[in-house]
Structure formats: structure tokens, C-alpha cells
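As C-alpha cells, the structure follows; a few thoughts come after it.
The values are calculated or read from the model by the stated rules, or taken from the named source; none is laboratory data. All of these numbers come straight from a predicted model, not from anything done at the bench. Cβ sites come from the backbone with ideal geometry, for glycine too, and all protein chains shown count toward neighbours.
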Amino acid sequence: MKVFAIRLKPNQDLKKSLKEFSVQQDIKAGFILTAIGSLKQATIRFANQNDSTVLNDKFEILALNGTLATTGIHLHIAISDKQGKTIGGHLDNGCIIYTTAEIVIGESENFTFLRTLDEQTGYQELEILPNTSKSS
């Protein structure tokens, strides 16, 4: 397993930055090991909703989970507001870093992750392929 550590700075977009990092590092089968930080704007798509909700306030990032690859990313986020109320959902573009985001990413060398249309769900879903380019 490879491990990457990154820190995002104020005003960076969390999702866009992770997409760019995945491409720059040529990540084929990545996943979030840990992530903390803060947002000044959160854009989240809640369960079973077609559109995302934009929340303008200061939030703590409590958790970030999901998969990353050059072919696409799928991440969920949990955040809390200044009263400690916790909400979460599908990470969308428009989650803007307030002070920092400290993220550790793992990458499996055994797989390649693709995003392909699943006819049953109608969404681009994770397709897991064994990595055939790995030498024995």
C-alpha cells in the first residue's frame, strides 16, 4: 500500500483538490484513511436527493470516507456546526476550506477502480478490477 499525506489551505475546494491530486499522483485505487479540518462553506447532497444543498457557516470536518482514482471519486463527508450538530452526505464541489484540511490517502496496488454506469442504479458506480500490471 502507498500512503499520501496532503494539506489543503484556505479557500481551496475540497472535492476539486482531491480530484486534481488523484490525477497528479496517478492514483488508480485510492481511499481516505483519515481527514480532519474545517470548512467555511459546505456543499452536500443528502440521501435520496437530486440536488446538493449549500451551507454557509463554519464547520469542522469530522470524517471523510470513500474512494479516489484518476477515473473519478466518490466521497461522503460528516461535518459539525458551532453547536456540535452533525450532518453529512455526498461530498460535492463547493466545500471550501476555512483554515485547513489534513488528509491521508491510501492506495492499493492490487486493484484499479473505475466508474462505470450501473444499469440497475442508473449511476456511475465503482467497478473493481484486479491490477494485472503488478509484477509477481
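Working only within the range 31-56, note down all residues that are of a type in the set (Ser, Thr, Tyr) and buried (at least 20 other Cβ atoms within 10 Å of the Cβ). Talk me through it step by step, then tell me what you get.
The first filter runs over the range 31-56 and keeps only residues of a type in the set (Ser, Thr, Tyr), leaving 34, 38, 43, 52-53.
Scanning the range 31-56 gives a single hit, THR43.
Of all residues in the range 57-69, count the ones that are among the aliphatic types (A, V, I, L, M) and buried (at least 19 other Cβ atoms within 10 Å of the Cβ).
At the first step, the residues of the range 57-69 found to be among the aliphatic types (A, V, I, L, M) are 61-64, 68-69.
Right, trim to buried (at least 19 other Cβ atoms within 10 Å of the Cβ) and you get 61, 64, 68-69.
Summing the residues that are among the aliphatic types (A, V, I, L, M) and buried (at least 19 other Cβ atoms within 10 Å of the Cβ) in the range 57-69 gives 4.
Does THR67 satisfy being among the polar types (S, T, N, Q), at pLDDT 95 or above, in a strand (DSSP E or B) and closer than 29 Å to PHE111 by Cα? Before you say what the answer is, go through the steps one by one.
Values: among the polar types (S, T, N, Q): yes; at pLDDT 95 or above: yes; in a strand (DSSP E or B): yes; closer than 29 Å to PHE111 by Cα: yes.
Judged against the criteria, THR67 is a match.
So which residues in the range 1-30 are out of contact with any helix residue (DSSP H, G or I) (no Cβ under 8 Å at 6 or more places or on another chain), crowded, with 16+ Cβ neighbours inside 10 Å and under 12 Å from GLY72 (Cα atoms)?
Hits for the range 1-30 are LYS15, LEU18, LYS19, PHE21, SER22, LYS28, ALA29.
If you scan the range 70-123, which residues turn out to be surrounded by 13 or more Cβ atoms within 10 Å (Cβ to Cβ), without any contact (Cβ under 8 Å) to a residue 60 or more places away in the chain and outside any strand (DSSP E or B)?
Within the range 70-123, THR70, THR71, ASP81 meet the criteria.
Can you find a residue in the range 109-129 that is within 12 Å of the chain's Cα centre (by Cα) and of a type in the set (A, V, I, L, M)? Quick ask: steps written out before the conclusion?
Initial filter on the range 109-129 (within 12 Å of the chain's Cα centre (by Cα)): none.
Taking every residue of the range 109-129 in turn, none turns out to be within 12 Å of the chain's Cα centre (by Cα) and of a type in the set (A, V, I, L, M).
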